[in-house]
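What follows is a single structure, written as structure tokens, with notes after it.
The values are calculated or read from the model by the stated rules, or taken from the named source; none is laboratory data. Everything quoted here is computed from the prediction, not taken from an experiment. Quick reminder, even Gly has a Cβ in these numbers, built from the backbone with ideal geometry, and neighbours come from all protein chains shown. Heavy atoms of the whole protein, side chains included, go into the accessibility calculation; ligands, DNA and RNA do not. Shrake-Rupley method; radii C 1.70, N 1.55, O 1.52, S 1.80 Å.
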Amino acid sequence: MRAKSKVIKADDTGYAWESVSREEYKGDRSCYKGVHRCSLLGEKADEQQLNFQTRYFEVEPGGYTSFEYHRHPHSVVIIRGSGTVILGNDLHKLHLHDVIYVTPNTLHQFHADRGEPLGFICVVDRYRDRPVLADEEYTARKIQSSEVLEKIRR
């Protein structure tokens, strides 16, 4: 099948797209709170030429992603709301249009802790390793910041 260029239209809110389903963030719901994902590009048969996947994640107010690390890098662009990200031993406040680069093996977690949803586009390699949830022992070896340790949610 020859792939065709296309446009995937957003709805009136700009945070949902026609023919793209909103899914649970991960199968294991115990490691995150209030997160959904939309796979925008790179997963369908007609998009196999892409070497990457483009996804939209939305974290509900008070929610957070899993506290994890992996060998692949990824890039993130905030397109809705504000929040905080843990990147290793550092906390960073996030605002609309901020761009985040998560290097390989960096512990990270996104929080919608500003009373509004946090929505972001995330681009990753199509072929990549699976994320690893950081357990207490690994976290104790890698994180020295008391502020970060208090922020981590599991």
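Brief remarks on what is shown
- Exposure of K44 as accessible area (Å², to 10), given a probe of 1.4 Å and all protein chains: 80 Å²
- Accessible area of the chain belonging to carbon and sulfur atoms, whole % at 1.4 Å probe: 49 percent
- Cross-link check: pairs K93/K142; K33/K151; K6/K26; K26/K151 evaluated at a Cα-Cα cut-off of 18 Å; pairs beyond the cut-off: K93/K142; K6/K26; K26/K151.
- Averaged per residue, the stretch 1-148 has 57 square angstrom of accessible surface, using a 1.4 angstrom probe with ligands and nucleic acids left out.
- Stokes-Einstein translational diffusion, the stretch 79-154 - Kirkwood Rh over all Cα pairs, 0.890 mPa s, 25 °C, in µm²/s: 181 µm²/s
- Only helical runs count toward this figure. For the chain, summing -39,500 (n - 2.57) over DSSP H runs of n ≥ 4 and dividing by all residues gives -2000 deg cm²/dmol at 222 nm.
- Model label zone, Y138; criterion: amide N under 18 Å from point 7 Å along Cα-to-beta-carbon; scope the stretch 56-98: 65-74, 86-90
- Taking the chain as a Gaussian network of alpha-carbon nodes connected by springs under 10 Å, the highest mean-square fluctuation of the residues L133, L91, L50 belongs to L50.
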